[in-house]
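Peer 1: Sending over a structure as structure tokens; questions will come in a sec.
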Amino acid sequence: MQTSQNRITELFNIQYPIIQAGMIWHSGWKLASAVSNCGGLGIIGAGSMYPDILRENIQKCKLATDKPFGVNVPMLYPNLEEIIQIILEEGVKIVFTSAGNPKTYTETLQKEGIKVAHVVSSTKFAVKCEEAGVDAVVAEGFEAGGHNGRDETTTFCLIPNVKNHISKPLIAAGGIALGSQMKAAMLLGADGVQIGSRFAATLEASAHDNWKKKITELNEGDTHLTLKELAPVRMVKNRFFGELEYIYQSGRDKEALIASLGRARAKRGMFEGDMEDGELEIGQVSALINDILPVETVFTNLLKEFEAAKVPVL
């Protein structure tokens, strides 16, 4: 892939327009720094970190790379004000916000010289992001793992539509693990890509080895979008997923869903390695992930695949 600058590489001062998603229980300083050192943009996922743990990860990331990196902040985070203050104190220069109103902190962060991108799942909210003044928009199709949009719009439908409605730099997310998929997203109008699932199955990801191995064993149809009554999430069909399905069959009791979900289900699965009773969040593209690799190898493969992907002449 050519390293000539485009709107995303210029915005974030990176070599390649490849952003690693700030996935909960995966995106600690080791993963973020490895991605940044390879020329992409590594992101620390604040959504699964207490404030003091986030500060520690930011500090360690600064020691591990002299390249740009960012922090992903879900706007529904209970310690949001404290998280923002830590980001300001530690001199983080890039923040990706999600799961909330982009207006909440965009101006505050930008006043301190921080670039802000916001993750959306629809053209309607992409337009609102532009109105809120964000520096870039991440448009995520419902192929993506973890928390997701309610409209179930695919990446291939979402990206060209968002492109037609906003002028800000556009990052495609959801269903991207190969260089050929990256090229397809950019042909549809994206300036760069955000990749989650492929980076989840790397040596540097902070998730449990049981989970990384499980990712490489998944096939088409092994994930499903559920829990729309609470917050839509794509997860692996395991015993916990079966419990949720039983509740749905028994009458879709919202309180029963909340009780079954409980606390720390995602940590139990992805971080502690319980493959049956934990919540396992991953994208549909996991069916294309067959190995656990170092980040450097993932980058090598992505760039080779990108260059090799040719559009046939009609």
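The values are calculated or read from the model by the stated rules, or taken from the named source; none is laboratory data. Please read these numbers as outputs of a predicted model, since none were measured by experiment. When the accessible area is computed, the model is the full protein with side chains, heavy atoms only, and any ligands, DNA or RNA have been set aside. Shrake-Rupley method; radii C 1.70, N 1.55, O 1.52, S 1.80 Å.
Peer 1: Just tell me which lysines come within less than 21 Å, Cα to Cα, of LYS254; anything on the same chain fewer than 8 places away is out.
Peer 2: Of all the lysines, those that pass the test against LYS254 - Cα under 21 Å, at least 8 places apart if same chain - are LYS228, LYS237.
Peer 1: Also, quick follow-up: I'd like the accessible area for LYS93, computed on protein heavy atoms only with a 1.4 Å probe and all protein chains in place. Round to 10 Å², please.
Peer 2: 120
Peer 1: Here is a further query. Where a ≥ b ≥ c are the square roots of the eigenvalues of the C-alpha gyration tensor, would you call the stretch 99-241 rounded, which needs a/c under 1.5, or, failing that, prolate if a/b is larger than b/c, or oblate?
Peer 2: Prolate shape, in that a/c is at least 1.5 and a/b is the bigger ratio.
Peer 1: If you don't mind, there's one more thing I want to ask. Any chance you could look up the accessible area of TRP25 with a 1.4 Å probe, heavy atoms only, rounded to 10 Å²?
Peer 2: Here the residue's solvent-accessible area equals roughly 50 Å².
Peer 1: Determine the gain in length on full extension of the stretch LYS124-LYS310; use 0.36 nm per residue of separation and subtract their C-alpha separation, reporting nm with one decimal.
Peer 2: Stretched fully, the LYS124-LYS310 segment lengthens by 63.7 nm.
Peer 1: Another question, then. Report THR9's accessible area, 1.4 Å probe, all protein chains in place, as a number in Å² to the nearest 10.
Peer 2: Surface accessible to solvent at THR9 totals approximately 0 Å².
Peer 1: Under 20 Å between alpha carbons, and skipping anything fewer than 8 positions from LYS128 in its own chain: which aspartates and glutamates qualify?
Peer 2: Hits, sequence-local ones excluded: GLU107, GLU140, ASP151, GLU152, ASP191.
Peer 1: In addition: Carbon and sulfur atoms: what percent of the 1.4 Å accessible area of the stretch 126-226 do they account for?
Peer 2: Carbon with sulfur: 47 percent of the solvent-accessible area.
Peer 1: When we measure straight from the Cα of LYS213, which aspartates and glutamates land under 16 angstrom away, once same-chain ones fewer than 8 places off are left out?
Peer 2: Leaving aside aspartates and glutamates fewer than 8 places away in the same chain, those within reach of LYS213 are GLU204, ASP222, GLU272, ASP274, GLU276, GLU279, GLU281, ASP291.
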